[in-house]
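The values are calculated or read from the model by the stated rules, or taken from the named source; none is laboratory data. For clarity, every value in this text was computed on a predicted model and none was experimentally measured. Here Cβ is always computed from backbone atoms with ideal geometry, including for glycine, and neighbour counts include all displayed protein chains.
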Amino acid sequence: MIILETLKKHAIGAIFLLFVSNVFYDLYLHPLARFPGPIWARITRLWWLRVVLSGKQHLKNYELHERYGPVVRITPNILSFSDHRAIKVIYGRGAGEFAKGDGFGNGFLPGGDPPVFFAKDPVVHSRVRKRIAHAYSMTSVAQMEPSVSALIEEFSRNIDRFAERGEEFDLVEWVNHLTFDLISELGYGKKFGFMEKGGDVNGYQESMHHNSPMFPILAAFPTLAALLGVVIKYLPPPESATGIGHLFGVTKRIIADRRASTSSSTNKKDLLGGFLASKTEDGSPISESSVFGEVMGTLIAGADTTAASIQGASLYLLQNPPALQRLVDELDQTNPVSYADTLPLEYFNAVLKETLRLSPSIGATFGRKVPVGGAEILPGIWVPGGFEVGINNWVVGRDKTLYGDDAMEFRPERWLEKGNRTRFAEFEFGFGSGNRVCIGKNVAMMEICKTIPELFEKFELELMDPEDPWVEESRLFLYKSGLRVRARRRVLKV
């Protein structure tokens with residue numbers, strides 16, 4: 001017994017000594033020890049995990065930069081930057097391109113190249129992107145516009161019903177219904193039916209929202225990220241009645257049916273058609289798992305991201321009547337119908353850019369690995385190779401050194417002031433930057449640029465709770481809820 005007690009005491013002492021040694025190393029000897037941050041963030045990843053799970057990651061990140069400056073150590077091995085100048089270095093193009101961080105695991109599906117969104121290695125990413133880029137080209141997107149118009153008209157009819165009855169409704173919810181139907185129709189030619197039901201279909205939205213914190217959590221715990229391929233095997237099976245498993249099953253059946261059909265009537269103008277026509281470098285079709293991965297990536301990432309911009313523009317305009325009136329006047333004068341009609345509209349595009357700045361779709365920090373040999377991220381700030389750095393879109397969009405002291409305010413006019421358009425464009429980050437700028441940008445822009453004019457040309461919207469209009473939660477995406485409004489049909493002046 002005496003020997004066991006002695007061994008127990010020694011074991012406890014050894015564990016305590018190891019803990020103290022690790023803390024001392026992280027605080028004083030670690031290669032990132034010179035960078036400021038909360039003491040708990042500098043010694044354990046658990047602190048950042050708590051932030052991620054709080055749903056307020058974007059707000060906490062902003063608060064940290066306000067306190068500590070443009071560089072903050074948010075975990076022992078991750079640095080967050082808020083200075084806009086870091087965008088070009090971390091997310092720029094060229095031989096020194098930074099690989100995606102550990103939060104992206106080793107891909108989405110076992111075997112072969114991963115889908116473009118999950119391709120960590122810059123060389124692999126470039127190869128995969130080239131294969132499918134034609135599916136997202138403006139030529140391809142233009143062919144999808146009739147489908148987009150039809151669904152936006154369905155959205156408008158639903159808003160009109162609320163207007164007829166004088167009922168208030170959740171605009172965030174209905175924009176989500178629209179964008180989920182849009183991305184499924186454009187993704188594989190079959191809308192989910194959210195608008196028809198007036199709610200979530202088969203638990204798809206709930207399942208996606210529930211699982212979205214996975215990536216920021218994996219970024220903080222790279223050991224778990226290495227196991228992502230194993231975890232994928234234990235996701236709900238395609239035979240599931242609801243949720244992501246059910247969506248897997250439906251998607252696989254639609255792809256199989258499209259492959260098997262030789263009828264010209266199935267030659268739909270959608271992204272799946274583009275993926276099926278994609279070729280590898282030797283001219284052979286991309287693999288079935290690659291097609292499935294690209295479709296699933298589109299469905300998972302393409303609804304909430306677009307919704308965030310439409311929802312953000314709606315709230316900011318309703319909170320700023322002069323900006324709303326100026327926009328409506330421009331829309332009344334030009335009456336845009338097609339996506340192309342919106343491109344020359346000066347104030348509309350200023351509203352859109354200001355919205356993307358203040359209401360980005362992503363609330364997490366997209367990490368990148370510093371290349372071997374290290375890199376100077378900002379003048380005089382050198383980061384050793386192998387560590388992770390990143391920028392939170394919500395935070396950098398409020399960088400006062402670029403946008404001025406009123407950076408927290410919604411003011412579209414800033415984009416029209418002399419010299420600003422060119423200066424701001426250099427650091428736009430709403431769709432990412434560099435070689436990894438969002439491949440679906442053309443699709444998203446068409447949806448946004450057709451929905452906002454439809455909504456504000458046809459309806460006058462009234463906020464039900466101007467003081468506390470919505471709830472915003474950051475997981476991977478920035479989810480909104482509770483934007484209660486009442487709609488009235490506009491009477492157009494002749």
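Taking the conditions (1) of a type in the set (S, T, N, Q); (2) at pLDDT below 95; (3) in contact with a strand residue (DSSP E or B) (Cβ under 8 Å, 6 or more places away or on another chain) in turn, Thr266 satisfies each one other than (3).
Only residues that are in a helix (DSSP H, G or I) and among the hydroxyl-bearing types (Ser, Thr, Tyr) were counted in region 275-314, giving 7.
The criterion of being within 24 Å of the chain's Cα centre (by Cα) and without any contact (Cβ under 8 Å) to a residue 24 or more places away in the chain does not hold for Val443.
Among the residues that make up region 460-471, is at least one of them at positive phi and touching a residue at least 40 places away in the same chain (Cβ under 8 Å)? Walk me through it before giving the result.
First, the residues of region 460-471 that are at positive phi: none.
No, region 460-471 has no match at all.
Of all residues in region 303-314, none are surrounded by fewer than 18 Cβ atoms within 10 Å (Cβ to Cβ) and either polar (S, T, N, Q) or within 26 Å of the chain's Cα centre (by Cα) (or both). Are there any pairs, at least 6 apart or on different chains, whose C-beta atoms fall under 9 Å, with the first in region 294-309 and within 11 Å of Tyr479 (Cα to Cα) and the second among the charged types (D, E, K, R) and not in a helix (DSSP H, G or I), and if so, which? Close Cβ pairs satisfying both conditions: Ala307/Lys480; Ala308/Lys480.
Just the residues that are touching a strand residue (DSSP E or B) at 6+ places or on another chain (Cβ under 9 Å) and at pLDDT below 95, please, taken from region 394-432. Hits for region 394-432 are Phe429, Gly432. Condition first: in the same structural domain as Thr298 (by the TED database) and in a helix (DSSP H, G or I). Can you find one or more residues in region 458-469 that meet it? Looking for residues that are in the same structural domain as Thr298 (by the TED database) and in a helix (DSSP H, G or I), one finds at least one in region 458-469, hence yes. Would a scan of region 407-418 turn up a residue that is over 25 Å from Phe35 (Cα atoms), of a type in the set (Gly, Ala, Ser) and surrounded by 19 or more Cβ atoms within 10 Å (Cβ to Cβ)? No: zero hits. In summary, helices (runs of 4 or more DSSP H) completely within region 141-226 and bearing 3 or more residues that are surrounded by 20 or more Cβ atoms within 10 Å (Cβ to Cβ) occur at 171-188, 204-211, 214-220. State all residues of region 195-246 that are of a type in the set (Val, Ile, Thr) and at pLDDT 85 or above; if no residue qualifies, say none. Scanning region 195-246 gives a single hit, Val201.
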